[in-house]
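One structure is given here, and the rest of the page talks about it.
The values are calculated or read from the model by the stated rules, or taken from the named source; none is laboratory data. From a predicted model like this one, the values you see are computed outputs, not experimental measurements. Every residue, glycine among them, receives a Cβ derived from its backbone with ideal geometry; neighbour counts consider all protein chains shown.
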Amino acid sequence: MKRLTREELLALARRQPETLVDLFLDLQERLARNSTNSHQPPAADGLAKPAPKSLREKTGRRPGGQPGHPGHTLQPVETPDHVQTHRIERCPCGFCQRVSLAGQPVLAYERRQVLDLPPLRLSVTEHRAEIKPCPVSGLLVTARFPAGVVAPVQYGPHFRGLTLYLFHQQMLPFDRLRQTCQDLFGQPLSLGTLTQTHARSYQALAPVEAAIVCGLSQAVVVNVDESGLRVAARLHWLHVASTADLTFYGVHGQRGTVAMDALGVLPHCHRWLVHDHWKPYYKYEAFHALCNQHLLRELKFLAEECHEAWAPSLTAFLLEWKDDPRTQAGLTEAQFQAAHKRYQAIVRQGRQAHPRRLPGQGRTQQGKAANLLDRLEDFDLQVLAFLIDPNVPFTNNQGEQDIRMIKVKQKISGSFRTLTGAQTFARIRSYLSTCRKQGRNLWEACYQLAIGQPFMPHVPAAGP
């Protein structure tokens with residue numbers, strides 16, 4: 001919107017006071033929006049960040065572990081690496097003038113274990129290849145070095161696996177990673193070494209990425225999301241497609257279907273896609289389910305800021321069905337029809353105050369409530385998808401949680417310098433996120449990647 005001067009606002013107030021009132025109300029609504037009642041990200045709240053207010057109902061339980069919770073404590077190991085025996089030379093009982101116990105048998109031991117790290121240092125293995133003369137030709141011949149030993153001096157796979165773990169899982173930027181290696185091992189890490197390790201890992205993960213894409217194409221439900229990413233001083237887009245077992249990340253210069261087609265995941269997903277109602281997702285021939293957490297935030301805004309009476313009713317309806325045991329078991333046709341009718345009745349209640357714009361009325365600007373009601377009417381089955389199929393989640397939290405870690409990386413490092421670096425990071429993070437979901441130890445996963453033998457993900461069988 002063009003910024004108006006004081007004189008223009010005064011003239012507008014004299015000629016079209018209704019327009020000025022609408023403008024004021026629109027600005028009032030914008031100022032009231034924050035991350036708890038709109039799609040606005042938490043980072044945009046700034047210093048005026050609102051106090052946390054959960055949409056969940058209070059249970060009355062106290063914070064912390066609940067009665068019956070088993071709890072966790074440090075457990076002793078069966079076979080310790082080192083044993084120190086502390087001898088008792090004289091009796092401390094107080095009745096015997098500290099008599100000598102040298103001749104008394106040891107009846108038992110009281111044990112206490114200390115779990116600690118050994119001194120951190122790099123272990124250096126020198127490989128020596130024998131050189132001998134051939135007794136026939138007289139030529140000098142040399143024994144073969146083990147596979148992977150290719151340079152006069154190089155880092156081993158455990159150290160390279162550690163750099164992958166710290167950079168991609170713990171999100172250390174390069175300078176801090178170099179300082180960490182210097183402090184822990186007395187060995188500075190060069191950018192060339194890290195870049196070479198990443199390039200080899202990217203190539204080794206090509207079949208892993210293909211397996212992840214294949215698994216997603218067979219999944220009953222795929223959560224999808226996208227977010228901006230700064231690459232080479234330009235806006236790019238990070239795309240994620242994921243399930244509870246698999247994660248795919250892709251980086252592209254565009255946001256829409258051109259990018260998603262190029263990344264090659266969504267064109268092969270023909271079952272449920274869970275998303276936030278971004279229109280390009282509807283291009284794909286799949287069943288679509290909307291994230292109701294987004295919807296609840298919008299309803300919260302309409303209830304608190306616009307005082308829409310129907311908004312709390314729809315919120316209560318959605319949360320009631322979310323927690324209803326019948327939802328997880330799967331509704332019968334009659335149960336779904338009854339729920340659908342109740343949903344439509346609440347939407348009609350909102351329509352009484354915000355009637356739908358009829359054809360021929362032009363494209364005049366609608367309010368937030370009218371726009372939301374249009375979506376609730378036109379995409380009612382997508383909103384209620386969690387009632388149609390018990391496999392469909394109530395929210396798109398899976399996709400949003402998976403995309404959050406790379407946003408953390410961007411917050412720490414600022415941006416990626418090259419598109420190749422961003423794509424390499426995305427592929428390695430796809431591997432690590434998938435390993436974590438499938439119960440793999442990430443330290444072991446990074447070592448396997450460093451030796452060029454990454455874990456292949458388990459791909460669940462295709463659903464019915």
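Just checking, does segment 134-155 include any residue being under 26 Å from the mean Cα position of the chain (by Cα) and surrounded by fewer than 16 Cβ atoms within 10 Å (Cβ to Cβ)?
No - not one qualifying residue is present in segment 134-155.
Give the residue, chosen from 384, 419, that is closer than 22 Å to residue 328 by Cα, touching a residue at least 40 places away in the same chain (Cβ under 8 Å) and of a type in the set (A, V, I, L, M, F, W, C).
Of the residues listed, the single one that is closer than 22 Å to residue 328 by Cα, touching a residue at least 40 places away in the same chain (Cβ under 8 Å) and of a type in the set (A, V, I, L, M, F, W, C) is 384.
Surrounded by 10 or more Cβ atoms within 10 Å (Cβ to Cβ), at pLDDT below 90 and either assigned by TED's automatic domain parsing to the domain that holds residue 303 or in a loop (DSSP other than H, G, I, E, B) (or both): which single residue out of 38, 54 fits that description?
38
In segment 390-416, which residues are in a helix (DSSP H, G or I) and farther than 30 Å from residue 330 by Cβ?
Answer for segment 390-416, where residues must be in a helix (DSSP H, G or I) and farther than 30 Å from residue 330 by Cβ: 404, 405, 406, 407, 408, 409, 410, 411, 412, 413.
Out of all the residues in segment 57-104, which are closer than 30 Å to residue 316 by Cα and either among the hydrophobic types (A, V, I, L, M, F, W, C) or surrounded by 10 or more Cβ atoms within 10 Å (Cβ to Cβ) (or both)?
Hit for segment 57-104 is 65, nothing else.
Can you tell me which residue is nearest to residue 433 (Cα to Cα) among those in segment 219-234 that are more than 18 Å from the chain's Cα centre (by Cα) and buried (at least 19 other Cβ atoms within 10 Å of the Cβ)?
Top of the filtered list is 219.
Within segment 386-423, can you find the residues that are among the charged types (D, E, K, R), within 20 Å of residue 273 (Cβ to Cβ) and within 18 Å of the chain's Cα centre (by Cα)?
Scanning segment 386-423 gives 400, 402, 404.
Just to verify a result, which residue in segment 240-287, among those that are at pLDDT below 95 and of a type in the set (S, T, N, Q), is surrounded by the fewest Cβ atoms within 10 Å (Cβ to Cβ)?
The qualifying residue surrounded by the fewest Cβ atoms within 10 Å (Cβ to Cβ) is 254.
When you scan segment 437-454, how many residues do you find that are part of a loop (DSSP other than H, G, I, E, B) and buried (at least 20 other Cβ atoms within 10 Å of the Cβ)?
So the answer is 1.
Which pairs have Cβ atoms under 8 Å, sit 6 or more apart or on different chains, and link a residue in segment 282-308 that is of a type in the set (Ser, Thr, Tyr) to one that is part of a helix (DSSP H, G or I) and surrounded by fewer than 20 Cβ atoms within 10 Å (Cβ to Cβ)?
284/267
Could you check segment 221-236 and list, in sequence order, the residues that are farther than 17 Å from residue 257 by Cβ and among the charged types (D, E, K, R)?
Correct list: 230, 234.
Of everything in segment 235-263, what is farther than 25 Å from residue 436 by Cβ, hydrophobic (A, V, I, L, M, F, W, C) and assigned to a helix (DSSP H, G or I)? Give them in sequence order.
Hits for segment 235-263 are 258, 259, 262.
Here is a list: 116, 183. Which entry is acidic (Asp, Glu), loosely packed, with under 12 Cβ neighbours inside 10 Å and assigned to a helix (DSSP H, G or I)?
Answer to the check: 183.
Could you list, in sequence order, the residues of segment 182-240 that are in contact (Cβ under 8 Å) with a residue 40 or more places away in the chain and within 17 Å of residue 167 (Cα to Cα)?
184, 185, 187, 197, 198, 199, 200, 201, 202, 205, listed by residue number.
Of all residues in segment 405-460, count the ones that are of a type in the set (Gly, Ala, Ser) and farther than 20 Å from residue 193 by Cα.
Adding up the residues that qualify gives 5.
Just wondering, is there one or more residues in segment 180-187 that are within 26 Å of the chain's Cα centre (by Cα) and more than 14 Å from residue 428 (Cα to Cα)?
Yes, that holds for at least one residue.
Could you please tell me which pairs satisfy a Cβ distance under 9 Å, a separation of 6+ or placement on different chains, a first residue in segment 431-444 that is without any contact (Cβ under 8 Å) to a residue 40 or more places away in the chain, and a second residue that is acidic (Asp, Glu)?
Close Cβ pairs satisfying both conditions: 435/444.
Look through 295, 318, 314, 302 and report the one residue that is assigned to a helix (DSSP H, G or I), hydrophobic (A, V, I, L, M, F, W, C) and closer than 30 Å to residue 267 by Cβ.
Sole residue among the options that is assigned to a helix (DSSP H, G or I), hydrophobic (A, V, I, L, M, F, W, C) and closer than 30 Å to residue 267 by Cβ: 295.
Can you go through 196, 170 and tell me which one is in the same structural domain as residue 422 (by TED's automatic domain parsing) and more than 21 Å from the chain's Cα centre (by Cα)?
Of the residues listed, the single one that is in the same structural domain as residue 422 (by TED's automatic domain parsing) and more than 21 Å from the chain's Cα centre (by Cα) is 196.
Is it true that residue 356 is in a helix (DSSP H, G or I), charged (D, E, K, R) and closer than 30 Å to residue 321 by Cα?
no
Please count how many residues of segment 149-181 are of a type in the set (S, T, N, Q) and free of Cβ contacts under 8 Å to residues at least 24 places away in the same chain.
Adding up the residues that qualify gives 4.
Let me spell it out: the conditions are (1) assigned by TED's automatic domain parsing to the domain that holds residue 386; (2) closer than 24 Å to residue 223 by Cβ; (3) modelled with pLDDT of 95 or more, and residue 338 meets all of them except one. Which number is the exception?
(2)
So which of 118, 146, 157 is in contact with a His (Cβ under 9 Å, 6 or more places away or on another chain) and under 30 Å from residue 182 (Cα atoms)?
146
For every residue, the table says whether it meets (1) farther than 25 Å from residue 222 by Cβ; (2) of a type in the set (Phe, Trp, Tyr).
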| residue | (1), (2) |
| --- | --- |
| 289 | no, no |
| 292 | no, no |
| 299 | yes, no |
| 303 | yes, no |
| 306 | yes, no |
| 317 | yes, yes |
| 325 | yes, no |
